[in-house]
1. Going highest first, how would you order 418-429, 46-57 by mean Cβ packing within 10 Å?
2. Would you kindly derive the ³J(HN,Hα) couplings of the range 174-188 from the backbone phi angles with the Karplus curve 6.51 cos²θ - 1.76 cosθ + 1.60 (θ = phi - 60°), listing them in order in whole Hz, with x for Gly and Pro?
3. Ignoring ligands, DNA and RNA, what percent of the 1.4 Å accessible area of the range 525-583 is carbon and sulfur?
4. Efficiency by 1/(1 + (r/R0)^6): what FRET value for Thr426 and Lys106, r their Cβ-Cβ distance, R0 = 35 Å, to the nearest 0.05?
5. I need the trypsin sites (Lys or Arg not before Pro) found in the range 175-225, filtered to DSSP loop residues with at most 16 other beta carbons within 10 Å of theirs.
6. How far apart, in nm, are two points set 7 Å out from the Cα along the Cα-to-Cβ line at Asn551 and at Thr128?
7. So what J values fall out for the range 567-579 if you push phi through Karplus, 6.51 cos²θ - 1.76 cosθ + 1.60 with θ = phi - 60°, rounded to Hz, Gly and Pro as x?
Amino acid sequence: MTTTRNTRLRRPLLVGTTAVAAMAVTVGFMAVTPEQAKAATGPKLSLIAATESVTLTSWKEDPGVYLDLGTYLTAEGTPLELKVTRKSYKDPVVITQTVYEAGKPKVKTLPAGTVKDFSGLPGFAEITLTDKDGKQVASRTESFCPNNASGRVRPDAPSTSKYPESCPTNAFTLGSVWGVEKGWAANTYGGSYTQPVKLAAGTYTAKVRVAKKYRDLFGIADKPATVKVTVQERSWEEGAGTPGARSSSAGAHAGHGAAHQAPAGHAGHGQGHNPSPSQLAAPETSGAGPSYNVGHGPLKAAPPALPWALKKQQAARADMQAGDNTGQTDGSRQAPALAPQSKRPTGTPSVPNVPKPDLRSLPAYGITISDGGQNIPGKDYLAFSANVWNAGPAQLVVDGFRSPGKAKMDAYQYFYDANGKQVGYTPTGTMEWDPRPGHVHWHFTDFASYRLLKADKKEAVRSGKEAFCLANTDAVDYTVKNANWHPFNTDLATACGQENSISVREVLDVGSGDTYTQDLPGQSFDITDIPNGTYYIQVLANPAKRLKETNLDNNSALRKVVLGGTPGRRTVTVPAHDLVNAN
(Lines give C-alpha, C1' and ligand atoms only; values in the text may rest on other atoms or scores of the structure.)
Protein backbone atom coordinates (compact mmCIF):
# COMPACT_ATOMS: atom_id res chain seq x y z
CA MET A 1 0.00 0.00 0.00
CA THR A 2 1.08 3.60 -0.38
CA THR A 3 0.61 6.71 1.74
CA THR A 4 0.73 10.10 0.06
CA ARG A 5 0.43 13.74 0.95
CA ASN A 6 0.43 16.67 -1.47
CA THR A 7 2.18 14.84 -4.27
CA ARG A 8 1.47 16.17 -7.72
CA LEU A 9 -0.85 13.99 -9.74
CA ARG A 10 1.05 12.48 -12.60
CA ARG A 11 0.20 10.10 -15.35
CA PRO A 12 2.64 7.42 -16.50
CA LEU A 13 4.52 8.50 -19.58
CA LEU A 14 3.89 6.83 -22.89
CA VAL A 15 6.52 5.14 -24.98
CA GLY A 16 8.06 7.42 -27.54
CA THR A 17 7.59 8.30 -31.15
CA THR A 18 11.08 8.54 -32.50
CA ALA A 19 11.14 9.42 -36.18
CA VAL A 20 11.88 6.34 -38.27
CA ALA A 21 14.58 6.58 -40.87
CA ALA A 22 14.18 4.87 -44.21
CA MET A 23 16.37 1.82 -43.95
CA ALA A 24 17.47 -1.10 -46.06
CA VAL A 25 18.38 -4.18 -44.05
CA THR A 26 19.35 -7.78 -44.46
CA VAL A 27 17.28 -9.85 -42.07
CA GLY A 28 18.98 -12.74 -40.32
CA PHE A 29 17.20 -16.09 -40.26
CA MET A 30 17.09 -18.16 -37.12
CA ALA A 31 18.29 -21.73 -37.33
CA VAL A 32 15.68 -24.39 -36.62
CA THR A 33 15.80 -28.16 -36.44
CA PRO A 34 13.64 -30.29 -38.80
CA GLU A 35 11.39 -31.07 -35.83
CA GLN A 36 10.97 -27.37 -35.11
CA ALA A 37 10.27 -26.66 -38.77
CA LYS A 38 7.24 -28.96 -38.62
CA ALA A 39 5.95 -27.28 -35.49
CA ALA A 40 4.18 -23.95 -35.24
CA THR A 41 6.67 -21.17 -35.94
CA GLY A 42 6.82 -17.48 -35.24
CA PRO A 43 8.43 -14.63 -37.15
CA LYS A 44 12.11 -14.30 -37.99
CA LEU A 45 13.31 -11.47 -35.79
CA SER A 46 16.52 -9.43 -36.03
CA LEU A 47 18.05 -6.50 -34.19
CA ILE A 48 19.37 -3.78 -36.50
CA ALA A 49 20.70 -0.23 -36.28
CA ALA A 50 19.18 2.36 -38.61
CA THR A 51 22.32 4.49 -38.53
CA GLU A 52 25.97 4.05 -37.67
CA SER A 53 26.15 7.19 -35.52
CA VAL A 54 23.90 9.49 -33.51
CA THR A 55 24.34 12.85 -31.76
CA LEU A 56 22.68 13.23 -28.36
CA THR A 57 22.32 16.30 -26.14
CA SER A 58 23.06 16.68 -22.44
CA TRP A 59 21.56 19.79 -20.80
CA LYS A 60 23.74 21.71 -18.34
CA GLU A 61 20.73 22.53 -16.17
CA ASP A 62 19.52 18.92 -16.12
CA PRO A 63 22.43 16.75 -17.22
CA GLY A 64 21.71 13.40 -18.72
CA VAL A 65 21.45 11.72 -22.12
CA TYR A 66 18.47 9.71 -23.29
CA LEU A 67 19.76 6.69 -25.18
CA ASP A 68 17.70 6.99 -28.34
CA LEU A 69 20.19 5.05 -30.46
CA GLY A 70 18.07 4.18 -33.49
CA THR A 71 18.02 0.42 -32.95
CA TYR A 72 15.05 -1.59 -34.21
CA LEU A 73 13.61 -5.07 -34.06
CA THR A 74 12.53 -6.33 -37.49
CA ALA A 75 9.97 -9.05 -38.21
CA GLU A 76 9.92 -11.19 -41.35
CA GLY A 77 7.86 -14.13 -42.52
CA THR A 78 4.99 -13.44 -40.11
CA PRO A 79 4.27 -10.62 -37.67
CA LEU A 80 5.43 -10.67 -34.08
CA GLU A 81 2.07 -10.68 -32.30
CA LEU A 82 1.68 -10.88 -28.53
CA LYS A 83 -1.47 -10.71 -26.43
CA VAL A 84 -1.16 -9.72 -22.78
CA THR A 85 -4.16 -10.34 -20.54
CA ARG A 86 -5.42 -11.02 -17.04
CA LYS A 87 -8.74 -12.58 -16.10
CA SER A 88 -9.22 -10.19 -13.19
CA TYR A 89 -7.19 -8.08 -10.80
CA LYS A 90 -6.84 -11.18 -8.64
CA ASP A 91 -4.99 -12.99 -11.44
CA PRO A 92 -1.45 -12.45 -12.73
CA VAL A 93 -0.72 -10.97 -16.13
CA VAL A 94 -0.10 -13.65 -18.78
CA ILE A 95 1.29 -13.38 -22.29
CA THR A 96 0.70 -15.46 -25.41
CA GLN A 97 2.22 -15.35 -28.88
CA THR A 98 0.42 -15.92 -32.15
CA VAL A 99 2.42 -18.45 -34.18
CA TYR A 100 1.55 -20.26 -37.38
CA GLU A 101 1.21 -23.90 -38.31
CA ALA A 102 0.64 -24.63 -41.99
CA GLY A 103 -0.38 -20.99 -42.37
CA LYS A 104 -2.98 -21.16 -39.61
CA PRO A 105 -2.64 -19.07 -36.44
CA LYS A 106 -2.05 -20.88 -33.18
CA VAL A 107 -1.76 -19.58 -29.63
CA LYS A 108 1.52 -20.23 -27.82
CA THR A 109 1.61 -19.46 -24.10
CA LEU A 110 4.91 -17.90 -23.05
CA PRO A 111 6.54 -18.72 -19.69
CA ALA A 112 4.87 -17.43 -16.53
CA GLY A 113 6.53 -14.27 -15.28
CA THR A 114 7.66 -13.13 -18.73
CA VAL A 115 5.75 -9.89 -18.08
CA LYS A 116 4.29 -8.38 -14.94
CA ASP A 117 2.36 -5.49 -16.50
CA PHE A 118 1.32 -4.12 -19.89
CA SER A 119 4.15 -1.68 -20.58
CA GLY A 120 6.39 -4.01 -22.60
CA LEU A 121 8.94 -6.81 -22.40
CA PRO A 122 11.12 -6.02 -19.35
CA GLY A 123 14.90 -6.14 -19.68
CA PHE A 124 14.70 -6.76 -23.43
CA ALA A 125 17.57 -4.54 -24.59
CA GLU A 126 21.00 -4.64 -22.94
CA ILE A 127 23.03 -1.49 -23.55
CA THR A 128 26.69 -0.82 -22.77
CA LEU A 129 28.66 2.33 -23.53
CA THR A 130 32.43 2.61 -23.73
CA ASP A 131 34.53 5.75 -24.09
CA LYS A 132 37.18 6.39 -26.71
CA ASP A 133 39.71 4.43 -24.63
CA GLY A 134 37.46 1.37 -24.52
CA LYS A 135 36.53 1.83 -20.85
CA GLN A 136 32.91 0.95 -19.98
CA VAL A 137 31.15 4.04 -18.66
CA ALA A 138 27.53 2.87 -18.54
CA SER A 139 25.49 -0.30 -18.61
CA ARG A 140 21.73 -0.75 -18.43
CA THR A 141 18.75 -2.78 -19.57
CA GLU A 142 15.55 -1.36 -21.05
CA SER A 143 12.06 -2.66 -21.68
CA PHE A 144 10.75 -2.98 -25.22
CA CYS A 145 7.26 -2.11 -26.35
CA PRO A 146 6.66 -3.76 -29.75
CA ASN A 147 4.11 -0.99 -30.46
CA ASN A 148 6.86 1.63 -30.39
CA ALA A 149 7.56 3.95 -33.30
CA SER A 150 7.80 1.77 -36.37
CA GLY A 151 8.23 1.78 -40.13
CA ARG A 152 8.56 -0.50 -43.12
CA VAL A 153 11.93 -1.97 -43.98
CA ARG A 154 11.04 -2.98 -47.54
CA PRO A 155 8.64 -1.55 -50.14
CA ASP A 156 6.58 -4.73 -50.57
CA ALA A 157 5.70 -4.92 -46.88
CA PRO A 158 2.09 -4.18 -45.84
CA SER A 159 1.48 -0.46 -46.24
CA THR A 160 0.01 -0.13 -42.74
CA SER A 161 0.55 -1.87 -39.45
CA LYS A 162 -2.59 -3.21 -37.82
CA TYR A 163 -1.11 -3.08 -34.33
CA PRO A 164 -1.94 -0.41 -31.72
CA GLU A 165 0.16 2.65 -30.99
CA SER A 166 2.15 2.45 -27.72
CA CYS A 167 1.76 0.09 -24.77
CA PRO A 168 -0.74 0.86 -21.98
CA THR A 169 0.54 2.27 -18.71
CA ASN A 170 -2.71 2.34 -16.74
CA ALA A 171 -2.25 0.03 -13.74
CA PHE A 172 -5.78 -1.31 -14.23
CA THR A 173 -5.39 -2.34 -17.86
CA LEU A 174 -7.04 -5.69 -18.57
CA GLY A 175 -5.79 -6.68 -22.02
CA SER A 176 -3.33 -5.44 -24.60
CA VAL A 177 -2.07 -6.43 -28.02
CA TRP A 178 1.55 -5.83 -29.05
CA GLY A 179 2.99 -6.39 -32.47
CA VAL A 180 5.58 -5.76 -35.14
CA GLU A 181 4.05 -6.16 -38.59
CA LYS A 182 5.92 -8.39 -41.04
CA GLY A 183 8.35 -6.38 -43.12
CA TRP A 184 8.35 -3.69 -40.43
CA ALA A 185 10.72 -2.64 -37.65
CA ALA A 186 9.90 -1.25 -34.18
CA ASN A 187 12.22 1.03 -32.23
CA THR A 188 13.71 -0.71 -29.19
CA TYR A 189 14.21 2.60 -27.38
CA GLY A 190 12.41 2.64 -24.04
CA GLY A 191 11.32 6.26 -24.44
CA SER A 192 9.70 7.87 -21.45
CA TYR A 193 10.05 4.71 -19.38
CA THR A 194 13.80 5.22 -19.19
CA GLN A 195 16.08 7.45 -17.17
CA PRO A 196 18.89 9.54 -18.66
CA VAL A 197 22.52 8.51 -18.40
CA LYS A 198 25.01 11.13 -17.25
CA LEU A 199 27.75 11.38 -19.86
CA ALA A 200 30.30 14.12 -20.39
CA ALA A 201 30.58 15.71 -23.81
CA GLY A 202 32.62 13.47 -26.08
CA THR A 203 32.44 10.36 -28.24
CA TYR A 204 31.35 6.88 -27.18
CA THR A 205 30.50 3.48 -28.60
CA ALA A 206 27.12 1.97 -27.73
CA LYS A 207 26.52 -1.75 -28.07
CA VAL A 208 22.93 -2.98 -27.95
CA ARG A 209 21.95 -6.63 -27.78
CA VAL A 210 18.78 -8.58 -27.07
CA ALA A 211 18.83 -10.28 -23.66
CA LYS A 212 19.49 -14.03 -23.82
CA LYS A 213 16.09 -15.05 -22.44
CA TYR A 214 14.39 -13.27 -25.34
CA ARG A 215 16.87 -14.56 -27.90
CA ASP A 216 16.02 -18.07 -26.74
CA LEU A 217 12.30 -17.37 -26.52
CA PHE A 218 11.93 -15.84 -29.99
CA GLY A 219 14.91 -17.36 -31.82
CA ILE A 220 16.80 -14.07 -32.28
CA ALA A 221 20.43 -14.33 -33.37
CA ASP A 222 23.04 -12.99 -30.94
CA LYS A 223 24.21 -10.14 -33.19
CA PRO A 224 24.60 -6.91 -31.21
CA ALA A 225 24.10 -3.56 -32.93
CA THR A 226 26.90 -1.03 -32.58
CA VAL A 227 26.35 2.74 -32.78
CA LYS A 228 28.85 5.60 -32.46
CA VAL A 229 27.52 8.24 -30.04
CA THR A 230 28.51 11.89 -29.90
CA VAL A 231 27.36 13.73 -26.78
CA GLN A 232 27.07 17.50 -27.00
CA GLU A 233 26.46 19.71 -24.00
CA ARG A 234 24.05 22.61 -24.30
CA SER A 235 22.39 25.14 -22.02
CA TRP A 236 18.70 25.83 -21.83
CA GLU A 237 19.59 29.50 -21.46
CA GLU A 238 21.01 29.59 -24.98
CA GLY A 239 18.08 31.42 -26.47
CA ALA A 240 15.34 29.83 -24.37
CA GLY A 241 11.90 30.91 -25.44
CA THR A 242 12.75 31.46 -29.08
CA PRO A 243 11.02 29.23 -31.64
CA GLY A 244 14.34 27.95 -32.89
CA ALA A 245 15.58 27.13 -29.44
CA ARG A 246 12.37 25.34 -28.55
CA SER A 247 12.46 23.34 -31.75
CA SER A 248 16.08 22.34 -31.47
CA SER A 249 15.71 21.62 -27.78
CA ALA A 250 12.81 19.33 -28.33
CA GLY A 251 14.44 17.76 -31.31
CA ALA A 252 17.50 16.94 -29.28
CA HIS A 253 15.33 14.48 -27.39
CA ALA A 254 14.00 12.88 -30.56
CA GLY A 255 10.89 10.96 -29.75
CA HIS A 256 10.32 12.86 -26.51
CA GLY A 257 9.43 16.32 -27.72
CA ALA A 258 9.60 17.04 -31.41
CA ALA A 259 7.41 14.18 -32.53
CA HIS A 260 4.97 14.74 -29.68
CA GLN A 261 3.86 18.29 -30.32
CA ALA A 262 0.26 18.66 -29.29
CA PRO A 263 -2.23 19.41 -32.05
CA ALA A 264 -3.11 23.01 -32.68
CA GLY A 265 -6.49 22.42 -31.13
CA HIS A 266 -4.78 21.89 -27.78
CA ALA A 267 -3.08 25.26 -27.64
CA GLY A 268 -5.22 26.19 -24.68
CA HIS A 269 -3.90 23.26 -22.65
CA GLY A 270 -0.26 24.22 -22.91
CA GLN A 271 -0.23 28.00 -22.98
CA GLY A 272 1.62 29.68 -20.17
CA HIS A 273 3.65 26.58 -19.36
CA ASN A 274 7.30 26.89 -20.32
CA PRO A 275 8.72 23.35 -19.99
CA SER A 276 12.00 22.78 -18.25
CA PRO A 277 14.74 20.66 -19.85
CA SER A 278 13.60 17.69 -17.77
CA GLN A 279 10.05 18.08 -19.06
CA LEU A 280 11.36 18.13 -22.59
CA ALA A 281 12.20 14.49 -21.98
CA ALA A 282 8.49 13.76 -21.66
CA PRO A 283 6.05 13.87 -24.55
CA GLU A 284 3.74 16.85 -24.40
CA THR A 285 0.87 14.50 -25.11
CA SER A 286 1.52 12.46 -21.99
CA GLY A 287 0.03 14.84 -19.45
CA ALA A 288 3.46 15.14 -17.83
CA GLY A 289 3.08 18.88 -17.36
CA PRO A 290 0.46 20.31 -15.00
CA SER A 291 -1.40 22.24 -17.68
CA TYR A 292 -1.16 20.15 -20.81
CA ASN A 293 -4.52 18.48 -20.31
CA VAL A 294 -6.40 19.94 -17.39
CA GLY A 295 -9.06 17.58 -16.06
CA HIS A 296 -8.52 14.77 -18.53
CA GLY A 297 -5.95 12.04 -18.32
CA PRO A 298 -3.22 11.98 -20.95
CA LEU A 299 -3.82 13.38 -24.38
CA LYS A 300 -3.50 11.18 -27.42
CA ALA A 301 -1.32 8.14 -26.90
CA ALA A 302 1.89 8.99 -28.70
CA PRO A 303 1.54 7.81 -32.31
CA PRO A 304 4.36 6.08 -34.12
CA ALA A 305 6.20 8.00 -36.79
CA LEU A 306 4.53 7.83 -40.18
CA PRO A 307 6.07 4.96 -42.17
CA TRP A 308 8.38 6.39 -44.78
CA ALA A 309 6.59 4.72 -47.67
CA LEU A 310 3.13 5.82 -46.56
CA LYS A 311 2.14 9.33 -47.60
CA LYS A 312 -1.58 9.26 -48.39
CA GLN A 313 -3.96 8.99 -45.47
CA GLN A 314 -6.90 8.08 -47.66
CA ALA A 315 -5.08 5.09 -49.08
CA ALA A 316 -4.08 4.06 -45.59
CA ARG A 317 -7.65 4.12 -44.31
CA ALA A 318 -8.87 2.13 -47.30
CA ASP A 319 -6.25 -0.53 -46.63
CA MET A 320 -7.14 -0.70 -42.92
CA GLN A 321 -10.82 -1.21 -43.64
CA ALA A 322 -10.27 -4.11 -45.99
CA GLY A 323 -11.75 -7.36 -44.70
CA ASP A 324 -13.58 -5.73 -41.81
CA ASN A 325 -16.01 -8.33 -40.52
CA THR A 326 -18.27 -8.60 -37.50
CA GLY A 327 -16.40 -9.66 -34.37
CA GLN A 328 -12.99 -9.02 -35.90
CA THR A 329 -10.34 -8.21 -33.31
CA ASP A 330 -7.27 -8.01 -35.53
CA GLY A 331 -7.24 -4.23 -35.49
CA SER A 332 -8.70 -3.67 -38.94
CA ARG A 333 -12.06 -2.51 -37.62
CA GLN A 334 -12.40 1.25 -37.89
CA ALA A 335 -14.76 3.69 -36.24
CA PRO A 336 -17.55 5.08 -38.38
CA ALA A 337 -16.88 8.61 -39.57
CA LEU A 338 -16.75 10.87 -36.55
CA ALA A 339 -18.41 13.79 -38.30
CA PRO A 340 -21.82 14.38 -36.70
CA GLN A 341 -25.02 14.12 -38.66
CA SER A 342 -25.83 17.21 -40.71
CA LYS A 343 -29.14 17.65 -38.90
CA ARG A 344 -30.88 16.37 -35.81
CA PRO A 345 -32.56 12.97 -36.25
CA THR A 346 -36.17 12.77 -37.34
CA GLY A 347 -38.81 10.10 -37.02
CA THR A 348 -39.72 8.05 -34.01
CA PRO A 349 -36.83 7.29 -31.61
CA SER A 350 -36.16 3.58 -31.24
CA VAL A 351 -33.74 1.27 -29.48
CA PRO A 352 -33.28 -1.63 -31.90
CA ASN A 353 -32.07 -5.10 -30.99
CA VAL A 354 -28.48 -4.58 -32.14
CA PRO A 355 -25.13 -4.71 -30.31
CA LYS A 356 -24.71 -1.94 -27.73
CA PRO A 357 -21.82 -0.62 -25.65
CA ASP A 358 -21.00 -1.97 -22.19
CA LEU A 359 -19.70 0.81 -19.95
CA ARG A 360 -17.53 -0.26 -17.04
CA SER A 361 -15.53 1.64 -14.44
CA LEU A 362 -11.94 1.11 -13.41
CA PRO A 363 -11.01 1.49 -9.72
CA ALA A 364 -9.76 4.99 -8.89
CA TYR A 365 -6.02 5.60 -9.03
CA GLY A 366 -3.55 8.49 -8.79
CA ILE A 367 -5.01 9.12 -5.33
CA THR A 368 -3.48 11.89 -3.24
CA ILE A 369 -4.23 14.71 -0.80
CA SER A 370 -4.03 18.28 -2.05
CA ASP A 371 -5.11 21.78 -1.15
CA GLY A 372 -7.02 22.07 -4.39
CA GLY A 373 -4.48 24.55 -5.75
CA GLN A 374 -6.01 27.35 -3.69
CA ASN A 375 -3.47 27.46 -0.83
CA ILE A 376 -6.23 27.86 1.75
CA PRO A 377 -4.87 26.93 5.19
CA GLY A 378 -6.66 23.98 6.74
CA LYS A 379 -8.36 22.86 3.54
CA ASP A 380 -7.85 19.26 2.42
CA TYR A 381 -9.04 17.61 -0.77
CA LEU A 382 -8.87 13.98 -1.85
CA ALA A 383 -7.86 14.02 -5.53
CA PHE A 384 -7.94 11.00 -7.83
CA SER A 385 -8.12 9.80 -11.42
CA ALA A 386 -11.07 7.83 -12.76
CA ASN A 387 -11.67 5.92 -15.98
CA VAL A 388 -14.86 4.65 -17.59
CA TRP A 389 -14.29 2.29 -20.51
CA ASN A 390 -16.32 0.48 -23.14
CA ALA A 391 -16.16 -3.34 -23.14
CA GLY A 392 -18.30 -3.47 -26.30
CA PRO A 393 -19.27 -5.10 -28.49
CA ALA A 394 -20.48 -1.75 -29.94
CA GLN A 395 -19.21 1.80 -29.78
CA LEU A 396 -20.86 4.44 -27.66
CA VAL A 397 -21.81 7.14 -30.18
CA VAL A 398 -23.47 10.33 -28.92
CA ASP A 399 -24.38 13.32 -31.10
CA GLY A 400 -25.31 16.74 -29.79
CA PHE A 401 -27.46 19.24 -31.76
CA ARG A 402 -28.00 22.87 -30.87
CA SER A 403 -31.05 24.85 -31.81
CA PRO A 404 -30.17 28.41 -32.91
CA GLY A 405 -29.65 30.64 -29.90
CA LYS A 406 -29.77 27.81 -27.36
CA ALA A 407 -27.00 27.41 -24.78
CA LYS A 408 -27.22 23.61 -24.61
CA MET A 409 -27.31 20.86 -27.19
CA ASP A 410 -29.79 18.02 -27.20
CA ALA A 411 -27.90 14.71 -27.09
CA TYR A 412 -28.84 11.47 -28.86
CA GLN A 413 -27.34 7.99 -28.69
CA TYR A 414 -27.02 6.16 -32.01
CA PHE A 415 -27.23 2.45 -32.77
CA TYR A 416 -25.70 0.52 -35.68
CA ASP A 417 -26.18 -2.89 -37.22
CA ALA A 418 -23.37 -5.36 -37.95
CA ASN A 419 -22.61 -3.57 -41.22
CA GLY A 420 -22.18 -0.19 -39.56
CA LYS A 421 -25.51 1.18 -40.78
CA GLN A 422 -27.36 3.49 -38.41
CA VAL A 423 -30.62 1.77 -37.49
CA GLY A 424 -31.89 3.74 -34.51
CA TYR A 425 -31.42 6.54 -32.01
CA THR A 426 -32.77 7.73 -28.67
CA PRO A 427 -32.58 11.00 -26.69
CA THR A 428 -29.99 10.82 -23.92
CA GLY A 429 -29.69 14.13 -22.09
CA THR A 430 -27.78 17.24 -23.08
CA MET A 431 -24.38 18.69 -23.89
CA GLU A 432 -23.17 21.95 -22.38
CA TRP A 433 -20.32 24.33 -23.24
CA ASP A 434 -17.61 24.64 -20.58
CA PRO A 435 -15.70 27.93 -21.01
CA ARG A 436 -13.27 27.41 -18.12
CA PRO A 437 -9.53 27.43 -18.88
CA GLY A 438 -8.31 23.92 -19.54
CA HIS A 439 -11.73 22.85 -20.79
CA VAL A 440 -13.20 25.10 -23.50
CA HIS A 441 -15.19 22.30 -25.10
CA TRP A 442 -18.59 20.61 -25.09
CA HIS A 443 -19.42 18.29 -22.20
CA PHE A 444 -21.87 15.41 -22.33
CA THR A 445 -23.85 15.27 -19.08
CA ASP A 446 -24.53 12.24 -16.88
CA PHE A 447 -21.72 10.07 -18.23
CA ALA A 448 -20.23 9.23 -14.83
CA SER A 449 -20.33 10.28 -11.19
CA TYR A 450 -17.97 9.95 -8.24
CA ARG A 451 -18.73 9.43 -4.58
CA LEU A 452 -16.72 8.98 -1.43
CA LEU A 453 -18.44 6.24 0.56
CA LYS A 454 -18.09 5.47 4.26
CA ALA A 455 -16.96 2.06 5.45
CA ASP A 456 -20.62 0.97 5.46
CA LYS A 457 -20.86 2.06 1.77
CA LYS A 458 -23.11 5.03 2.55
CA GLU A 459 -22.32 8.31 0.81
CA ALA A 460 -20.05 10.78 2.62
CA VAL A 461 -19.14 13.24 -0.18
CA ARG A 462 -20.13 13.55 -3.82
CA SER A 463 -17.94 15.05 -6.56
CA GLY A 464 -19.39 17.97 -8.48
CA LYS A 465 -18.00 16.54 -11.72
CA GLU A 466 -20.93 15.34 -13.81
CA ALA A 467 -20.27 16.45 -17.39
CA PHE A 468 -17.59 15.10 -19.72
CA CYS A 469 -16.05 15.36 -23.13
CA LEU A 470 -15.55 11.78 -24.26
CA ALA A 471 -12.15 10.79 -25.63
CA ASN A 472 -10.34 7.45 -25.96
CA THR A 473 -7.41 8.30 -23.71
CA ASP A 474 -6.55 4.77 -22.50
CA ALA A 475 -6.39 1.35 -24.15
CA VAL A 476 -8.02 -0.69 -21.38
CA ASP A 477 -8.64 -4.02 -23.13
CA TYR A 478 -7.86 -4.47 -26.82
CA THR A 479 -8.61 -8.20 -26.68
CA VAL A 480 -12.39 -7.82 -26.32
CA LYS A 481 -14.71 -8.47 -29.27
CA ASN A 482 -14.74 -5.65 -31.84
CA ALA A 483 -11.95 -3.72 -30.11
CA ASN A 484 -10.72 -0.90 -32.31
CA TRP A 485 -6.93 -0.75 -32.15
CA HIS A 486 -6.83 2.62 -33.91
CA PRO A 487 -9.46 4.86 -32.31
CA PHE A 488 -9.71 8.29 -33.87
CA ASN A 489 -10.83 10.65 -31.12
CA THR A 490 -8.01 10.08 -28.63
CA ASP A 491 -7.71 13.69 -27.51
CA LEU A 492 -9.84 16.72 -26.82
CA ALA A 493 -9.16 18.45 -30.13
CA THR A 494 -10.76 15.66 -32.16
CA ALA A 495 -13.72 15.02 -29.90
CA CYS A 496 -15.20 18.03 -28.20
CA GLY A 497 -16.08 20.77 -30.65
CA GLN A 498 -15.78 24.55 -30.47
CA GLU A 499 -17.95 27.23 -28.90
CA ASN A 500 -19.67 28.00 -32.19
CA SER A 501 -20.30 24.35 -33.08
CA ILE A 502 -23.82 23.57 -34.22
CA SER A 503 -23.34 19.86 -33.56
CA VAL A 504 -20.80 17.57 -31.91
CA ARG A 505 -20.14 13.83 -32.05
CA GLU A 506 -18.44 12.12 -29.11
CA VAL A 507 -17.42 8.46 -29.33
CA LEU A 508 -16.09 5.97 -26.80
CA ASP A 509 -14.63 3.12 -28.81
CA VAL A 510 -14.66 -0.56 -27.94
CA GLY A 511 -11.68 -1.48 -25.76
CA SER A 512 -10.84 2.12 -24.83
CA GLY A 513 -11.59 4.24 -21.80
CA ASP A 514 -11.64 7.91 -20.87
CA THR A 515 -9.59 9.09 -17.89
CA TYR A 516 -10.46 12.24 -15.94
CA THR A 517 -8.38 13.58 -13.09
CA GLN A 518 -10.47 14.99 -10.27
CA ASP A 519 -7.96 17.43 -8.82
CA LEU A 520 -9.91 20.69 -8.72
CA PRO A 521 -12.21 21.97 -5.95
CA GLY A 522 -15.74 20.84 -6.74
CA GLN A 523 -14.40 17.74 -8.51
CA SER A 524 -12.11 16.31 -5.85
CA PHE A 525 -13.63 15.37 -2.49
CA ASP A 526 -13.52 18.05 0.22
CA ILE A 527 -12.43 16.00 3.24
CA THR A 528 -11.67 18.94 5.52
CA ASP A 529 -14.40 17.93 7.96
CA ILE A 530 -14.41 14.20 7.19
CA PRO A 531 -13.18 12.05 10.12
CA ASN A 532 -10.18 9.79 9.70
CA GLY A 533 -10.96 6.20 8.85
CA THR A 534 -11.71 3.77 6.02
CA TYR A 535 -13.59 4.95 2.94
CA TYR A 536 -14.25 3.86 -0.64
CA ILE A 537 -13.98 5.95 -3.80
CA GLN A 538 -16.83 4.92 -6.08
CA VAL A 539 -16.57 5.46 -9.84
CA LEU A 540 -20.03 4.99 -11.36
CA ALA A 541 -20.66 4.92 -15.11
CA ASN A 542 -23.99 5.98 -16.60
CA PRO A 543 -25.43 6.94 -13.17
CA ALA A 544 -28.83 8.05 -14.50
CA LYS A 545 -29.02 4.98 -16.78
CA ARG A 546 -29.92 7.17 -19.72
CA LEU A 547 -27.43 5.47 -22.00
CA LYS A 548 -28.49 2.13 -23.45
CA GLU A 549 -26.04 -0.67 -22.65
CA THR A 550 -25.75 -4.42 -22.86
CA ASN A 551 -25.31 -4.60 -19.08
CA LEU A 552 -26.15 -2.08 -16.35
CA ASP A 553 -24.95 -4.26 -13.47
CA ASN A 554 -21.20 -3.72 -13.90
CA ASN A 555 -21.00 0.09 -13.92
CA SER A 556 -19.56 0.63 -10.44
CA ALA A 557 -15.99 0.21 -9.17
CA LEU A 558 -14.78 0.80 -5.61
CA ARG A 559 -11.29 1.65 -4.35
CA LYS A 560 -10.52 1.45 -0.65
CA VAL A 561 -8.65 4.34 1.01
CA VAL A 562 -7.73 5.11 4.59
CA LEU A 563 -7.69 8.77 5.67
CA GLY A 564 -5.39 9.92 8.46
CA GLY A 565 -3.38 12.90 9.64
CA THR A 566 -4.55 16.20 11.07
CA PRO A 567 -6.46 19.14 9.54
CA GLY A 568 -4.30 20.84 6.95
CA ARG A 569 -1.94 17.86 6.97
CA ARG A 570 -4.21 14.95 6.06
CA THR A 571 -2.81 11.75 4.60
CA VAL A 572 -4.28 8.96 2.52
CA THR A 573 -3.17 5.33 2.55
CA VAL A 574 -4.17 3.31 -0.52
CA PRO A 575 -4.17 -0.47 0.01
CA ALA A 576 -3.49 -2.73 -2.94
CA HIS A 577 -6.53 -3.61 -5.05
CA ASP A 578 -6.14 -7.39 -5.23
CA LEU A 579 -2.81 -7.82 -7.11
CA VAL A 580 -2.65 -4.19 -8.29
CA ASN A 581 -0.48 -2.32 -5.81
CA ALA A 582 -0.63 1.16 -7.31
CA ASN A 583 -2.35 4.19 -5.89
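The values are calculated or read from the model by the stated rules, or taken from the named source; none is laboratory data. Since the structure is predicted, the reported quantities are computational estimates derived from the model, not experimental observations. Every residue, glycine as well, gets a Cβ built from its backbone with ideal geometry; the counts of neighbours run over all protein chains shown. Heads up: the accessible areas ignore ligands, DNA and RNA and are worked out on the full protein's heavy atoms, side chains in. Shrake-Rupley method; radii C 1.70, N 1.55, O 1.52, S 1.80 Å.
1. 46-57, 418-429
2. The phi angles translate into 10, x, 9, 10, 10, x, 10, 5, 5, x, 10, 9, 10, 5, 7 Hz.
3. Carbon plus sulfur share of accessible area: 46 percent.
4. With a Förster radius of 35 Å, E is 0.20.
5. Lys198
6. The answer from the label model is 5.1 nm.
7. Result, ordered by residue: x, x, 9, 6, 10, 9, 9, 10, x, 4, 9, 6, 8 Hz.
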